[in-house]
Amino acid sequence: MFKKILIANRGEIACRVMRTAHKMGITPVAVYSEPDAQALHVRTALELGGEAVAVGPAASSESYLVIDKIVEACKQTGAEAVHPGYGFLSENKAFAARLEKEGITFIGPPVGAIEAMGDKIESKKLAQAAGVSTVPGYLDAVRDPEEAVRISKEIGYPVMLKASAGGGGKGMRLAWNDDEARSGLVSAMNEGRNSFGDDRVFIEKFVQEPRHIEIQVMADGYGNCVYLGERECSIQRRHQKVIEEAPSPFLDEATRKAMGEQAVALAQQVNYKTAGTVEFIVDKDRDFYFLEMNTRLQVEHPVTELVTGYDLVELMIRVAHGEKLPFTQKDVTLTGWAMEARLYAEDAERGFLPSTGRLTRYIEPAPVENTVRVDSGCYEGAEISMFYDPMISKLIVGGKDRAEAIENMRKAIDGYVVRGLSHNMPFLANLVKHPRFGEGRITTNFIAEEYPEGLTEDHLKPTDLGLFAAVAAVVQDKIEARERRLSGQEENRAPDLPSDYAVFLGDKDLEEVALHLARGEDCHRLTVDGREIFVESDWKPGFAIFKARIDDVERLFQVDKDGAGFVLSHDGARIRALVLEARHAPLRRLMPYKPPPDMSKFLLSPMPGLLVRLTVKEGDIVEAGSELAVVEAMKMENVLRAGAGGTVRIAHAKEGDSLAVDQPILEFE
């Protein structure tokens, strides 16, 4: 077996590969860019007795993507093999070829397989040759907009125009008519050229009510290839996966077997070796069509590990070392259910804009074997920078069936504390409790249909205000008890003295809940509109998680101080609470609401980033939709446009300025 392997990646996937390598007795080697010098993957490598090598500045193009630097790091440390993780160089045929030339083992597929499957046009032709079902379409490069219209009409609208070298949602356009086919071709060609250096575009039929279901394959160098079940990846936003699960709630055994056998046939067609994923689009009648093959480990591979019991990274390392697969297809069974949610530094309440900053508080849910697992690339105090993917971690849960897996996911999310930057945890919590998700009635359009405006206050409003009011009253009571103890006022006070409270809920005190609180030896009894709620908790002020047994059900609430009150979050709901003694409530009702300042005459930065272009100056007259500025964040340029016509009065920022979220850029008359 290898004695030392280099992981040519960063973040959670680098840490995950290192843990398996260490378990196998292999020394891990990390590589890192300048801003990643204190990153978790560097710390993990050193804690496991390995090494870490600097490979350049922040930009990936000058560090993680520079083949010469990765090869030099291998030579410097004596690493015999390289695991590429996903992204970066994982599907780069030149990288695989260079390692082979240098006598370093690539823990991935052969160069020929990467090349064949990396070209979407050629891969579909190979799929057809292997007897794999493919979407009806035109598999040659489309030359101009009029040819795009002709082909689209022949196939029948709607159609999808795709860049041949595309990926991650780039270079894809949906067209429902001739005009959209023309403009879609131009956009797809431009994105393909700019992102991948390849402007070839092909057209295929767009499958309506589609599900995205993929098959995990594993092959060795001796002709053995198996499929390890499927993953349902239909919960997507702009072609980016958000929640994945295994198995799929939609497939029957016959369809699973047919898809698995076709995936294996395709892998064998290109002499595949290592872990790979064959992606399919499945329609409402369970007809399935080949989409593409990813010649690497997928982000969502942990859900397959939970239901099969196989460590995919270990299998990849063993296969790369020349071992045969230790099992056959008949040995593969799927047990239980698994789900994965991707935690991103992005704000679902502001159009999913990326967020950067330091994790001022970071508490992961406690791991439980086969039930709760967190694959993380961060720690409390770590910084999420603008240079790389904003993923913080992956939360993976298991259960004996889908209902239990969903319940475990809801509990785990409630116990996951992330502070210091915006993130999508409230959105994930909302998704997994959605009735349609619970019923398994999902397609790739689910988020667009159910959350067209992103996450809104309506989504976050609790359905059980009485429960939130009761928890708020207990929290306030414990805060007051602590204050009395510190000031010496608790002595000689009757411990079971009842209290009447008024709980104001919402930013504008939209709801007022009256309740009576009685203290027992080990619990609080609250009466809310004639309903009795019993709360047992050892929570202490300052703790982020309020863990309690409420009416014999264990629940987790997150508590954040907010002025005189606090914000409570639980099960995808969030609300501000202010608890007052009942005798003070009439005074609160007399206080006028102070509205936030009117910022309608300002252009505000929607995200932290760099102001790379200011296209107007003071005195300019602009029309609705006019470009005003361009802000760069996460290496993506975001064009800011005028919401209405007007005259620029003051420019509050200049090109080159670093902007905070909501920082004024322009002011209008």
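Throughout, read-outs are computed from the coordinates displayed, never taken from laboratory work. Since the structure is predicted, the reported quantities are computational estimates derived from the model, not experimental observations. Backbone-built Cβ (ideal geometry, glycine too); neighbour counts: all protein chains shown.
Multiplying the residue separation of Glu369 and Glu483 by 0.36 nm and removing their Cα-Cα distance gives an extension gain of 37.0 nm. Helices in the chain, meaning DSSP H runs of at least 4 residues, each add -39500 (n - 2.57). Divided by all residues, the mean residue ellipticity at 222 nm is -8500 deg cm²/dmol. Here the stretch 235-256 is scanned for amide nitrogen atoms under 18 Å from the site 7 Å beyond the Cα of Gln329 along Cα-to-Cβ, giving 252-256. Distance between the C-alpha centers of the stretch 118-138 and the stretch 44-104? Whole Å please. Here the answer is 32 Å between Cα centres. Stretched out straight at 0.36 nm per residue, the stretch from Gln128 to Glu554 would grow longer than its current Cα-Cα span by 148.1 nm.
Pairs of Cα atoms in the chain fall into 20 Å distance bins, from 0 up to the last occupied one, in shares of 16, 46, 31, 7, 0 percent.
Roughly what % of DSSP beta bridges within the chain run antiparallel, to the nearest 5? Within the chain, antiparallel bridges account for around 90 percent of the total.
When peptides 153-165, 171-183, 649-661, 261-273 are sorted by average Cβ neighbour count within 10 Å, with the highest value leading, the order is 261-273, 153-165, 171-183, 649-661.
The packing ranking of peptides 545-552, 375-382, highest mean first, is 375-382, 545-552, where packing means the average number of other beta carbon atoms within 10 angstrom of each residue.
Between Asp285 and Glu100, the contour length at 0.36 nm per residue exceeds the Cα-Cα span by 62.1 nm. Applying a threshold of 22 Å to the alpha-carbon distances of Lys93/Lys170; Lys594/Lys617; Lys170/Lys617; Lys3/Lys75 flags Lys594/Lys617; Lys170/Lys617 as lying beyond it.
Please give the Cα centre distance for the stretch 233-291 versus the stretch 175-191, rounded to the nearest Å. The distance from the Cα centre of the stretch 233-291 to that of the stretch 175-191 comes to 27 Å.
Working ranking of peptides 242-253, 192-203 by packing, defined as the average number of other Cβ atoms within 10 Å per residue, highest first, is 242-253, 192-203. Counting Lys and Arg as +1 and Asp and Glu as -1 over every other residue whose Cβ lies under 14 Å from the Cβ of Leu628, the net charge comes to -1.
Against the chain, whose longest principal axis comes from its Cα atoms, helix 253-269 is set at around 50 degrees.
Each residue, Ala265 and Ala58, gets one label point 7 Å from its Cα in the Cβ direction; the gap between the two is 5.0 nm.
Mind jotting down the distance between the C-alpha centroids of the stretch 511-573 and the stretch 608-627, whole Å? Distance between centres, Cα-based: 48 Å. Counting only aspartates and glutamates at least 8 places from Lys153 when in the same chain, those with an alpha carbon closer than 14 Å to its own are Asp178, Asp179, Glu180, Glu204.
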